[in-house]
Structure formats: C-alpha cells, structure tokens
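Take a look at the structure set out below.
The values are calculated or read from the model by the stated rules, or taken from the named source; none is laboratory data. Values in this document were obtained by computation on a predicted structure and should not be read as measured data. Because the Cβ atoms are built from the backbone with ideal geometry, glycine has one as well, and the counts that use them run over all protein chains shown. Calculation scope for accessible area: heavy atoms of the full protein, side chains included, ligands and nucleic acids excluded. Shrake-Rupley method; radii C 1.70, N 1.55, O 1.52, S 1.80 Å.
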Amino acid sequence: MEQVLFDETVYKFYRLRHQYEDFQSFWHAKTNSGGVEVRLVDSLLANASKYPKDESLRAQLSEACLEIEKYWNKKFGSSPESLLIFSNIYSQAEEALIKSEAQAVDARQSDAHINTGARVETCMRNLYKYEIQIQQLKPIRFDDQTKIHFYLDGLNETLSSSYKYSGSVLKVLEQDSYIQNEDVTWGRWTLFRDSTGYSDVWIVKIQNGRAEVFSAVEKLNQDTYKLDESIRGIHFDSEIFKAIDKTQVTAFDNSEFNLSPPSYFQMLAMLNVTGEKPFESC
C-alpha cells in the first residue's frame, strides 16, 4: 500500500474515534451491517486483505491509529470540535491521494518500491504537516458560546486555594493548572464579584513570573454568560504572587501524573491550530 493511500485510510477511520468516550470503546465497537453485527475496526483492517503480500500492513494500520490517539486526543481531546479539526487533516490527505492518482502514481505498486517499515512514522509526520497547514486554510472559527462552553466545562471549586484580590476572593482551581512548556503555565482562576453574587472565570497565562488574563467569562445571570477576550494585566501584590506560585506548583504536579489537558486548554490548543495564536509570547 502506497503511503498516500495508507494515510488516507488511517485518517478516514480515525475520524470515527470521536463518537466514542475513549479509545478502548472505539477500538472494540461493533456496528450493524446488513443485519449482522461486525467490528468497527474490521472496516480498517479489511484494507490489508487487498495486499496479501504486504505482511506488515495489518499491524501498521493498527499502530498508526494508536499513535494518532496518543498525540491527537492528548492535545485536542475528543469533542465534536476536535473532530472538525481532524476532518480537515483527513481532507488534506484525501486531496493528496487524489493528486497522486491524477499524476498516474499507481497506488497498488509492489512493496519493493515502498519503505514499508517507515509507514507509521511517515503517517505521523504527514499529520504534523497537515496540522500546520490548517491555520493557513482557516476552515474553522469558534464562536463565543463554544469558547464559553470549553472555558466553563468541568469547573469545580472544591479543590482550590483562596486569595484576596481587589477586596474579593480569588480562587486558583488546582486541578486545572497546566504546563504548556517549560516557560508557560496556564491556570483557571475564579474571582467573586460582590455586585452580582457571581464569580468571573479567568483563563490565566503565566510567563516569566507574571500573569495576565487571556480570556474571562462573566456570569450575567443564572443562565447568561459573556466572554471578554481582551487580554488584561493583573495588579501584582503578595497575594497574586502566591496565586501564581500555586498555579505553577500544581501544574507541575498535574504533569507528573500525565493528566490530559483540561477542557479550557483543549480549546486553547484548537484556537492555536486554527490561527488565533493564544500560545504566542506575552
């Protein structure tokens, strides 16, 4: 199987991953075909039967899906929005296959002309390449309600540390602290507002020991929220420095347990790959 066809086959199948809660559920799922229950994965592995002399193909199709899971789901999660982005990866692979066929490249050429041992590695390299190209294609833009959903998803103040800020209670939600890289840490903080009785939710970026609010979600009433994407500085005092330290320490602890990114960070990653650049330097 030629590389462009291998990539298209794997990406096409992995698009179904996001219909399932986890990879195990996806990999062992069964569907009904013509009144007969069949394994979902058989639709992927059936491609190997077309190349009976390609002894490594079946295992490589499975391995490539697992490698994509390790990378993609860890970075972007398994939401419908993540599926939209991955569908663009597939579209680029599909276009590459069509172009290859148009140039009269035989997709069924013999294995002697293919580096079969590098298929999975090349498939991942091509995924990274297609991912980089997404921001140039700009296929997706997320509206405020979608961003608010991700910024609030899983919000839980049970495990939090409280500080004082401008006369109000500021809480660092410890389970939501996350390390982007050795220089940048992100956190989700809440700030109680006496005027409304509600708390604002801050998505906070920490770099070089300083913090700024990247996005804020303000609760207007019981059912209405407002997104403020104007990046704002934070007035620094001893309490804020404690909040920064707590965020960085808990982010390190979270990374030690290899936790998946919180939902708000998944949205940041999706914004970044689609060209909105939240990961650029402060």
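When only alpha carbons are used to place a centre, region 32-100 and region 1-25 end up 2 Å from one another.
Considering only 44, 66, 137, the residue lying farthest towards the positive end of the dipole of region 3-139 is 137, judged by Cα position with unit charges set on Cβ. Accessible area per residue for region 147-271, computed on protein heavy atoms with a 1.4 Å probe, is 48 Å².
Relative to the dominant Cα principal axis of the chain, helix 57-68 is inclined by about 10°.
Taking the Cα centre of the chain as origin and charging only Cβ (+1 Lys, Arg; -1 Asp, Glu), how large is the dipole, in debye to the nearest 20? Walk me through the numbers before you get to the answer.
Numbers: 31 positive and 42 negative charges, 36 e Å.
Once rounded to the nearest 20, the dipole reads 180 debye.
In degrees from 0 to 90, rounded to the nearest 10, what is the angle of the helix 238-256 Cα long axis to the longest principal axis of the chain? That works out to roughly 20 degrees.
Surface composition of the chain: carbon and sulfur make up 48 percent of the accessible area, probe 1.4 Å. For the chain, the alpha-carbon coordinates run over 72, 43, 33 Å along the three principal axes, in decreasing order. Between residue 31 and residue 103, the modelled label-to-label distance comes to 3.1 nm, taking each label 7 Å out from Cα in the direction of the beta carbon. For helix 3-14, what angle does its Cα long axis make with the longest principal axis of the chain, in degrees from 0 to 90 and rounded to 10? The answer is roughly 50 degrees.
Relative contact order for the chain: 18 percent, from Cα pairs under 8 Å spaced at least 6 residues apart, divided by residue count. Pairs of lysines in region 147-271 whose Cα atoms sit within less than 12 Å of one another amount to 4, provided the residues are eight or more positions apart or on different chains.
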